[in-house]
Each structure stands twice: as C-alpha cells, then as structure tokens.
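Laboratory data are not the source of any read-out in this text; all were calculated from the coordinates shown. Keep in mind the model is a prediction, meaning the values are calculated, not measured. Every residue, glycine among them, receives a Cβ derived from its backbone with ideal geometry; neighbour counts consider all protein chains shown.
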Amino acid sequence: MIVYEIQNLCKNYQGQTLPATKNISLQIYQGEIFGIWGDNGAGKNTLVRQMANLLKSDFGSITFFQKNITEARDLVQMNVGYMPYYHFYRKRKGLRPLCIHVASVSVGVLIPD
C-alpha cells in the first residue's frame, strides 16, 4: 500500500533565485524506511513540511493513504509527526528530555486501515 505519493511538487520562496523543491515525485510504501539526505538549503525541511501539510506547495500534489493532504487534514495531523531542529533540544542533551517533551505534546495516534 502506498502511504505517500508525491507528484511534481514545487515550492518557491519569494526573493530566492532557486526553488526550494522542484518537480519532486516519489512514492513511500507502508513498512518502508525512508530518509532524505542532502546539503544545507537543498529543500529537505521544505519537503517534509509540505508532506506534513504545514507548508502549501506552489505546484504538484501530495496524497497520504490515497487522500489529498489538503482535503484530509485530520488524517495527516493524527498520523504524521514533525519536529524541527531547534536550539532547545541541543541545550537539553540526551534522549530522555526530548522524549518527555514529545510525550507532553502528543494527542494520540490513529492508524488508518
């Protein structure tokens, strides 16, 4: 089963000469381990924010369990976690403080059939 399907995804930021994401297409299947690797400024964070429905794309589509993420906001919010890297986590070294923080803001998990 395809969990994420991304087709021709593009995002441009005002004042930037190059797009943050340009014509990205991919499929992520259930049970796959998926990673994004690239240089600083390559668009990794932009792509993940688009996949979590936190950033609107300029062009292209993203489906999550065969539903457009803009039309299935609740499904995405209940199943996708996004934790940006902040200085907060670097100052509180170790996994335990991070887990406690994440647990404190969690609202539950829903696994679609």
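For Q50, neighbours were defined as the other residues whose beta-carbon sits under 9 Å from its Cβ, and their charges (Lys and Arg +1, Asp and Glu -1) total +3.
Net charge in the neighbourhood of E5 (other residues with Cβ under 15 Å of its Cβ; Lys, Arg +1, Asp, Glu -1) is -1. What's the local net charge at V80, with K and R +1, D and E -1, over the other residues with C-beta under 12 Å away? Net charge around V80: +1. About its Cα centre, region 19-75 has a charge dipole of approximately 100 debye under the convention of +1 per Lys or Arg Cβ and -1 per Asp or Glu Cβ, with nothing else charged. Peptides 30-40, 47-57, 9-19 ranked from most to least packed by the mean count of surrounding Cβ atoms within 10 Å: 47-57, 9-19, 30-40.
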